[in-house]
Amino acid sequence: MKTLLYAIEVKIRNGERLSREEGLALMQTNDLAWLGFMADIARKRLSGDYVYFNVNRHINLTNVCTARCKFCAFGCDAGSPEAYAMTARQALDIARAAAAADPDLRELHIVSGLHPEWPFEYYLEIIRSLKTELPHLHIKAFTGVEICHFAKISGKSIFQVLTELKQAGLGSMPGGGAEIFSERIRQQLFPNKAGAEDWLKVARTAHSLGLPTNASMLYGHIETAEERIDHLLKLRSLQDETGGIQTFIGLPFHPANTGLAGKISRVSAWEDLRMIAVARLMLDNIKNIKAYWVMLTVPVAQLALGFGANDVDGTVSEEKISHAAGSKTALGLNKVNLIDLILSTGRVPVERDSTYNVIRVYA
Ligand code: V47
């Protein structure tokens, strides 16, 4: 093992690509300090000392969802007491109020349950009206899973669905819905929604249309180390092909109120830091690694900046998905909080737009 780790270190220092076997060795070592040191070398080379954040607002149009994934505490059935479904007008009012409250707001991050009755036209209408009323806001919306759902309910191809959404004002796509690219796990945890092949097809098609996407991985449930590395390798291959992935986000599974509650505990901070570092080292062609403070907690997101991350996501404002599953972080942070979070790690906070253009450097 020691000689393998030494060979890996030489490769990292030379900027060479790591293999699957080497990725698995990174998953096995308990030398977390070394792993962080290695990831920091890669981070510095790929993205320098800037740490990005943005001012954004999450909107979840509905929690009614036909997929009912075992790992999710947010989705529910149409008849359940906690079910909600926004009208286009309500979504617009939320966005308007958020824009009025914060002149720095730049992005709407919109993801939702797979509603059994809404037609594709409804989503087009929402994007169109948001973009018409608030043209200065970038709309980052719909996971690969939602796009597959739209294709299914409309009878249109993924290409057509994405083309129409882009015409309506869609600017980019978030990284959710990827979960873990393993058919074994899909069968157990999320059999009612799109799997790896479809998610990757949506991302590939979006990139071909000039729509950047993010990419995520949900870890800390029933997956193996091999499945995590294989997931990262699939993203790396796609990125070799298209170059359209802007950032990778590792999402630690929160078990409360899910179908796995009582069976699985939240992974340790140690495991979170390992995952950030391994992602930084394996995804040598994805520039940004996001430490999503909402799911990691603020202290772990700060530590993650020393383990390969260079982005802490945004102000968020009202996070629902992980909070339904027991997350204890704030629902949102303000810009000053994010700047302080980054400054106290000795790094340079940089406010960015949704496609990583620099808005302001807080030197
Ligand atoms: O797709 C669902 C995950 C994702 C749970 O692209 C859970 O910038 C943990 O993708 N515990 C949605 N995770 C969040 C997401 C995201 C967040 C922030 C930024 C971006 C980006 C993307 O959350 C879902 C799913 O993978 N999720 N349930 C849970 N119990």
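The values are calculated or read from the model by the stated rules, or taken from the named source; none is laboratory data. Worth saying up front: this structure is predicted, and the values here are computed from it rather than measured. Cβ: placed from backbone, ideal geometry, glycine included. Neighbour counts: every protein chain shown. SASA here: full protein model, heavy atoms, side chains in, ligands and nucleic acids out. Shrake-Rupley method; radii C 1.70, N 1.55, O 1.52, S 1.80 Å.
Residue by residue through the range 159-180, note down the ones that are surrounded by fewer than 22 Cβ atoms within 10 Å (Cβ to Cβ) and either part of a helix (DSSP H, G or I) or more than 20 Å from the chain's Cα centre (by Cα) (or both).
Across the range 159-180, the qualifying residues are 159, 160, 163, 164, 166, 167, 168, 169.
All but one of (1) within 13 Å of the ligand (Cβ to nearest atom); (2) of a type outside the set (S, T, N, Q); (3) assigned to a helix (DSSP H, G or I) hold for residue 250; which doesn't?
(3)
Of the residues in the range 128-148, how many are over 14 Å from residue 203 (Cα atoms) and within 16 Å of the ligand (Cβ to nearest atom)?
Residues in the range 128-148 being over 14 Å from residue 203 (Cα atoms) and within 16 Å of the ligand (Cβ to nearest atom): 3 in total.
Take the range 96-125 and flag every residue that is under 13 Å from residue 62 (Cα atoms) and in a helix (DSSP H, G or I).
122, 123
What's the total number of residues in the range 217-246 that are of a type in the set (Ser, Thr, Tyr) and either on the phi > 0 side of the Ramachandran plot or buried (at least 24 other Cβ atoms within 10 Å of the Cβ) (or both)?
The number of residues fulfilling the criteria is 0.
Among the residues of the range 299-308, is any over 16 Å from the mean Cα position of the chain (by Cα) and within 15 Å of the ligand (Cβ to nearest atom)?
Yes, the range 299-308 contains a residue that is over 16 Å from the mean Cα position of the chain (by Cα) and within 15 Å of the ligand (Cβ to nearest atom).
Would you pick out the residues in the range 164-180 that are touching a Leu at 6+ places or on another chain (Cβ under 8 Å) and more than 12 Å from the ligand (Cβ to nearest atom)?
164, 165, 166, 168, 169, 170, 171
Show the residue pairs meeting these rules: Cβ distance below 8 Å; 6+ apart or different chains; first residue within the range 158-176 and basic (Lys, Arg); second residue open to solvent by 20 Å² or more (accessible area, probe 1.4 Å).
166/209; 166/210
Would you pick out the residues in the range 36-77 that are among the aromatic types (Phe, Trp, Tyr) and more than 15 Å from the ligand (Cβ to nearest atom)?
Across the range 36-77, the qualifying residues are 37, 50.
So is residue 78 closer than 21 Å to residue 194 by Cα and in contact (Cβ under 8 Å) with a residue 60 or more places away in the chain or not?
Considered against the rule, which asks whether it is closer than 21 Å to residue 194 by Cα and in contact (Cβ under 8 Å) with a residue 60 or more places away in the chain, residue 78 comes out as no.
Where in the range 1-57 are there helices (runs of 4 or more DSSP H), lying wholly inside it, with at least 3 residues that are open to solvent by less than 20 Å² (accessible area, probe 1.4 Å)?
Result: 20-28, 32-47.
Need pairs with beta-carbon distance below 6 Å; first residue closer than 20 Å to residue 48 by Cα and within the range 291-318, second in a helix (DSSP H, G or I) and at pLDDT below 95; sequence gap 6+ or separate chains.
As it stands, the answer is 310/47, since those pairs meet every condition given.
Does at least one position in the range 79-95 carry a residue that is within 16 Å of the ligand (Cβ to nearest atom) and not in a helix (DSSP H, G or I)?
yes
Open to solvent by 20 Å² or more (accessible area, probe 1.4 Å), more than 22 Å from the chain's Cα centre (by Cα) and either of a type outside the set (A, V, I, L, M, F, W, C) or over 30 Å from residue 358 (Cβ atoms) (or both) - does that describe any residue in the range 108-117?
Yes, the range 108-117 has at least one match.
Wholly within the range 257-363, which helices (runs of 4 or more DSSP H) include no fewer than the required count, namely at least 1 residues that are open to solvent by 30 Å² or more (accessible area, probe 1.4 Å)?
269-282, 298-304, 321-324, 335-343
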